[in-house]
1. Show me the strands (runs of 3 or more DSSP E) found entirely inside the range 210-270 where at least 1 residues are modelled with pLDDT of 95 or more and within 16 Å of ligand 1 (Cβ to nearest atom).
2. ALA199: buried (at least 24 other Cβ atoms within 10 Å of the Cβ), hydrophobic (A, V, I, L, M, F, W, C) and more than 16 Å from ligand 2 (Cβ to nearest atom), yes or no?
3. Limited to the range 431-446, what total is found for residues that are touching a residue at least 40 places away in the same chain (Cβ under 8 Å) and within 28 Å of the chain's Cα centre (by Cα)?
4. Could you grab me the full set of residues in the range 1-33 that are assigned to a helix (DSSP H, G or I) and in contact (Cβ under 8 Å) with a residue 60 or more places away in the chain?
5. Consider the range 253-275. How many of its residues are within 9 Å of ligand 3 (Cβ to nearest atom) and farther than 24 Å from ALA199 by Cβ?
6. If a residue must be within 28 Å of the chain's Cα centre (by Cα) and away from ligand 1 (no atom under 15 Å from the Cβ), how many such residues does the range 316-349 contain?
7. For residues that are in contact with a Leu (Cβ under 9 Å, 6 or more places away or on another chain) and not β-branched (Val, Ile, Thr), tally how many sit in the range 370-405.
8. If we scan the range 436-449, do we find a residue that is surrounded by fewer than 24 Cβ atoms within 10 Å (Cβ to Cβ) and more than 13 Å from ligand 1 (Cβ to nearest atom)?
Amino acid sequence: MAPTVAIAPTPVESAETDLLAVPVFTGGALGPGGEALDAALGGDVTSVLAETGFKAKAGEAVFVPVAGRVAAGAAVLVGLGERDRLDLAVLRRAAAGLARAARVRTDVTTVATTLAEVVPDGAEKTDAVRAVTEGLLLGAYRFTAYKSEPDGSELERIELLGRGGARLARTVERAATVCEAVAWARDVVNEPSGGKSPAAFAEMARERLEGRGVEVSILDEAGIEAERLGGVAGVGQGSARPPRFVTVTYSPPKARATLALVGKGVVFDSGGISIKPSSGMETMKTDMSGAAAVLAAMSVLDALDVKAKVVAYVPMVENMPSGSAIRPGDVLRIRNGKTVEVLNTDAEGRLILADGLARAVEDGADAIVDVATLTGACVVALGEKVAGLMGNRDPFVDQVRGAAERAGERVWHLPLPADYKALLDSSVADIQNISEGRWGGALTAGLFLEAFVDGTPWAHLDIAGPARASRDDGEHLKGGTGFGVRTLVELASSFRRPAARDRDPDRAGGRHGS
Ligand code: BES
Ligand code: MN
Ligand code: ZN
């Protein structure tokens with residue numbers, strides 16, 4: 001169970017909690033509640049700062065003995081770095097560090113902090129409350145499904161010490177709703193593939209979405225065949241566990257625009273006949289992170305009272321080598337009739353996404369976003385923490401970029417150079433699934449996808465890096481991160497149908513000219 005979060009105007013010295021956390025800046029300036037704590041502890045805060053040489057770098061923490069002089073069981077000073085470098089990301093990271101530190105101590109189940117009273121320049125109080133709530137809740141996450149013994153404590157209650165009010169209470173509630181969705185995404189990403197066949201994953205999605213104001217439909221392998229979803233059928237045919245295609249519709253009354261989300265749901269990517277090296281292959285249980293992010297976002301749209309219509313298209317397959325698998329050289333026919341020569345069966349994500357994109361176009365979406373752990377090349381380009389963002393219309397790309405920024409998820413806009421399209425020319429089919437030559441793999445994957453959106457405003461998030469963390473880091477714990485959920489929820493909440501001139505494929509080529 002996730003901890004509860006409440007705002008309470010309790011003075012620091014009387015907060016009844018296992019762990020009281022007060023921020024400090026580099027140079028020793030105390031944050032909100034610092035002076036009061038120092039006074040209650042007879043100047044011990046000041047002496048600890050002086051004697052330990054604590055630099056208060058962002059993410060650092062030092063304990064101050066309380067010895068019964070305040071109501072809290074223990075007190076910790078949380079570093080926020082330089083005051084004039086403070087931003088929401090630092091605040092979120094510090095809050096996450098606090099939650100992680102609390103969980104290491106087996107005797108801590110409640111935390112109280114004044115962190116949310118620190119408002120970075122240019123931000124609002126609500127932004128600070130949101131960042132701190134997210135940091136605490138996401139940092140408190142653990143994947144314990146397969147642990148026989150609990151390791152560390154389970155946080156039960158978090159108090160944000162400071163002045164509240166209805167607006168801030170609503171901010172906390174919204175942040176908690178989003179974080180709970182992120183936790184679900186992390187859970188399904190962390191789930192081993194053995195228990196995550198396409199059918200099982202589709203059932204997890206159905207269960208999650210039940211009673212959440214959306215309609216769910218699941219196509220099985222026969223339905224996929226009948227609907228001519230040739231990419232999904234083709235990639236799925238090598239596995240003993242057949243594919244599924246999940247559609248989720250959120251349709252509020254009076255919606256004026258429709259956003260489509262497409263998520264890559266490869267429950268395990270062995271590479272297929274173009275098999276991957278065994279080293280690191282276990283991480284490919286996370287190759288359904290895009291699907292997880294899309295489904296998690298869909299699950300909270302109703303609770304967050306999103307005004308736009310949002311439809312999710314989620315292909316689920318297992319990419320396996322076998323006697324029934326697709327071979328290099330095989331040709332698949334995608335839903336929209338286009339044929340693809342499969343030169344590498346490990347470039348499977350784009351094949352199943354193509355069907356999802358084609359479906360979204362067919363249903364008349366005003367704009368489409370796909371989210372996928374698509375290419376190792378994107379990780380080479382941007383590292384493990386930043387997602388690649390590509391698209392065919394700059395104004396819509398900017399909407400997605402703005403949403404990611406407000407949500408605190410890092411993305412970087414990459415180009416889709418029109419002249420690179422030729423690298424995907426096939427001698428037998430309409431297009432081939434890998435580019436000629438090894439360079440620019442994230443971009444050629446993006447260009448492949450663009451061939452299936454038929455000019456609809458579209459953005460592509462390659463989350464191959466940030467979908468998974470290789471160590472604990474800020475609000476991300478080792479394993480699935482749930483990256484993309486916060487951005488998608490933010491985008492859906494603020495979605496505006498791109499202006500007509502931005503939708504004209506002949507007039508708006510984008511800065512990179514596609
Ligand atoms: N799922 C992988 C991409 C991936 C790589 C995700 C590393 C996370 C970490 C994808 O299906 C894949 O195998 N892509 C190939 C494409 C290549 C064959 C053109 C890749 O990136 O090597
Ligand atoms: Mn692959
Ligand atoms: Zn893959």
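The values are calculated or read from the model by the stated rules, or taken from the named source; none is laboratory data. Everything numeric here is computed off the predicted structure, so don't read it as measured data. So basically every Cβ, Gly included, is an ideal-geometry build from the backbone, and we count neighbours across all protein chains shown.
1. Working: elements: 215-219, 244-250, 258-263, 265-269.
Once the strands (runs of 3 or more DSSP E) in the range 210-270 are filtered for at least 1 residues that are modelled with pLDDT of 95 or more and within 16 Å of ligand 1 (Cβ to nearest atom), what remains is 258-263, 265-269.
2. On the way: buried (at least 24 other Cβ atoms within 10 Å of the Cβ): no; hydrophobic (A, V, I, L, M, F, W, C): yes; more than 16 Å from ligand 2 (Cβ to nearest atom): yes.
The answer is no for ALA199.
3. Within the range 431-446, the subset touching a residue at least 40 places away in the same chain (Cβ under 8 Å) is 431-434, 440-443, 445-446.
So of that shortlist, the ones also within 28 Å of the chain's Cα centre (by Cα) come out as 433-434, 440-443, 445-446.
Number satisfying all stated conditions: 8.
4. Restricting attention to the range 1-33, the residues satisfying the condition of being assigned to a helix (DSSP H, G or I) are 12-14.
Across the range 1-33, the qualifying residue is only VAL12.
5. Looking only at that region, the number is 0.
6. 2
7. Here the count works out to 18.
8. No - not one qualifying residue is present in the range 436-449.
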